Amino acid sequence: MIIKHKCSFKLFTYGKLKDKHQIRLRVTFNSQRIDLGTGCQIYDLKYWDDKCGQVLDGYKGPKGEDTISINSDLRKIREQMETTFKFFEVNEIYPTPEDITKKYEERVKGVIPQKPAVEKKKKEEKPKEPDFFKVFDAFTYECGEKNAWTESTHEKMAALKQDLLTFKKSLKFSDLTETTLTKFVVYLRDEKKLNTPRKPKGEDRDSGKKELIGIKNSTIEKKLGYLKWFLKWATEKGFNSNTAYKTFHPTLKTTQKKIIFLTKDEMKRILNLELKGDKAYLEIVRDIFIFCCFSSLRYSDASALKWNDVKDDHIEVTTIKTADSIQIEINDMMRTIIEKYRAIPDKRNNLVFPFYTNQAMNRDLKKLCKMAEINEEIRITTYKGNERIDEIAEKWELIGTHTGRRTFIIHALSRGIPPSVVMKWTGHSDYKSMKPYIDIVDEIKASEMNKMNFMD
């Protein structure tokens, strides 16, 4: 269940204090509007961005409020409202305005603490360095809104923030010299505590929590990339003057990520599964996944596909990840699945497929592939520092929603379809992104040609 809604922040001026403007959260849903208090206010209209619903850079309030602290509080409030709607969606309850107001007040109470009055600073006192983590919150709020971050990106940024807090709770921009950045890498590699098994974890694997120390080089690289992204933003906004991050390039041994895809036989096994009784719910999972295998769509785009995107001989999609407009011709398998769901339309949301979260999809897809006995053993090689880690997993454990898209690319290239044509379907913008797939196809061709050595 999805409740369409919109949240924005508006200014309200009350009573005789015309220079005092309260910031309220405006929520609209089902043609209804609610204005809720936030406890935030500003005293100068020129610092308010009504379009973005936030305070502009440079604002200083009489009680110590500033741009970063207010926008950070507004971000937390918006998150609480989104959580409120998620609660009703998960429980399949369509709320009244009173329900929304009550649940919001329960969640937001105590989230934004009252700010104590501060003494006026002496003129000679030097301005304090901006709060590192408040700036980080401002970064995630602004960039998240501007770039329409997915839930996954927000989770990755939240994980990075927690790592930085654990590394040094009082972290400042001025601290991030090359030496400190190196210490952060060492912390991630040798000190960070994990509560999950290192080996790929499947449904039947040991699920007991195990305390492990340190993360892999590939994950460290990603975290450093996110950190540099934040520091670049903070530098451009004038919060940070320490540019040591620009020249920080630690040597981290990594391997190219293995591309997991399904063979023709494996897809047939999935299609031939009898899904009855308590396994009937997996039919939706199978249909959506196979549709991705034959259309090249990412799961995010397949799950958002609407009936007005489906034409007689093609589908038109504006991708969620890149905002590319692509056209994909409908093949026989796609048409079979489309017609199946045309008979059971979701009139409320106009979606082709029933709603299924990406997390639930990945979980149930593994169950489906295990039932189909897609259990080839695959070696995964990674590095933690200079330590090489070789792990063995059954193939079904490594399959996720993106496997469908990878399967399409491999089979399209294997059948001689030019990369330039495949790229038009997938939305890839450069040949470099296709090269790993082409290399796999070349290996497959070489292996198949060896079968012609029957005179040996």
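The values are calculated or read from the model by the stated rules, or taken from the named source; none is laboratory data. All figures in this text were calculated on a predicted structure; none of them were measured in a lab. No Cβ is skipped: glycine too gets one built from the backbone with ideal geometry, and neighbour counts run over all protein chains shown.
So, of the residues in the range 223-267 that are of a type in the set (A, V, I, L, M, F, W, C) and touching a strand residue (DSSP E or B) at 6+ places or on another chain (Cβ under 9 Å), which turns out to be modelled with the lowest pLDDT? Residue satisfying both the conditions and the ranking: L252.
I'd like the full set of residues that are among the acidic types (D, E), modelled with pLDDT of 90 or more and either part of a strand (DSSP E or B) or over 24 Å from the mean Cα position of the chain (by Cα) (or both), limited to the range 375-403. Please lay out each step first, then the result.
Applying the first criterion (among the acidic types (D, E)) to the range 375-403 yields 376-377, 387, 390-391, 394, 397.
Then keep just the ones that are modelled with pLDDT of 90 or more; that gives 376-377, 394, 397.
Those that are among the acidic types (D, E), modelled with pLDDT of 90 or more and either part of a strand (DSSP E or B) or over 24 Å from the mean Cα position of the chain (by Cα) (or both): E376, E377, E394.
Condition first: within 17 Å of T403 (Cα to Cα) and not polar (S, T, N, Q). Can you find one or more residues in the range 345-355 that meet it?
The answer is no, given that none of the residues of the range 345-355 is within 17 Å of T403 (Cα to Cα) and not polar (S, T, N, Q).
Could you check the range 330-371 and list, in sequence order, the residues that are touching a residue at least 24 places away in the same chain (Cβ under 8 Å) and acidic (D, E)? Result: D364, single match.
In the set I438, I410, which member is surrounded by 14 or more Cβ atoms within 10 Å (Cβ to Cβ) and in contact with a Leu (Cβ under 7 Å, 6 or more places away or on another chain)?
Values: I410 fails: in contact with a Leu (Cβ under 7 Å, 6 or more places away or on another chain).
Sole residue among the options that is surrounded by 14 or more Cβ atoms within 10 Å (Cβ to Cβ) and in contact with a Leu (Cβ under 7 Å, 6 or more places away or on another chain): I438.
When only residues in the range 135-149 that are in a helix (DSSP H, G or I) and aliphatic (A, V, I, L, M) count, which is nearest to S170 (Cα to Cα)?
Out of the qualifying residues, it is V135.
Within the range 228-259, can you find the residues that are under 30 Å from V55 (Cα atoms) and in a loop (DSSP other than H, G, I, E, B)?
Initial filter on the range 228-259 (under 30 Å from V55 (Cα atoms)): 228-246.
Passing the criteria: K237, G238, F239, N240, S241, N242, T243.
Would you mention how many residues in the range 324-366 are part of a helix (DSSP H, G or I) and not basic (K, R)?
First, the residues of the range 324-366 that are part of a helix (DSSP H, G or I): 332-342, 358-366.
Then drop every residue that is not not basic (K, R), which leaves 332-334, 336-339, 341, 358-362, 364-365.
Selection size over the range 324-366: 15.
Just one of the listed residues (E373, E387) is assigned by TED's automatic domain parsing to the domain that holds L297, exposed (fewer than 15 other Cβ atoms within 10 Å of the Cβ), touching a helix residue (DSSP H, G or I) at 6+ places or on another chain (Cβ under 7 Å) and more than 30 Å from E89 (Cβ to Cβ), namely E373.
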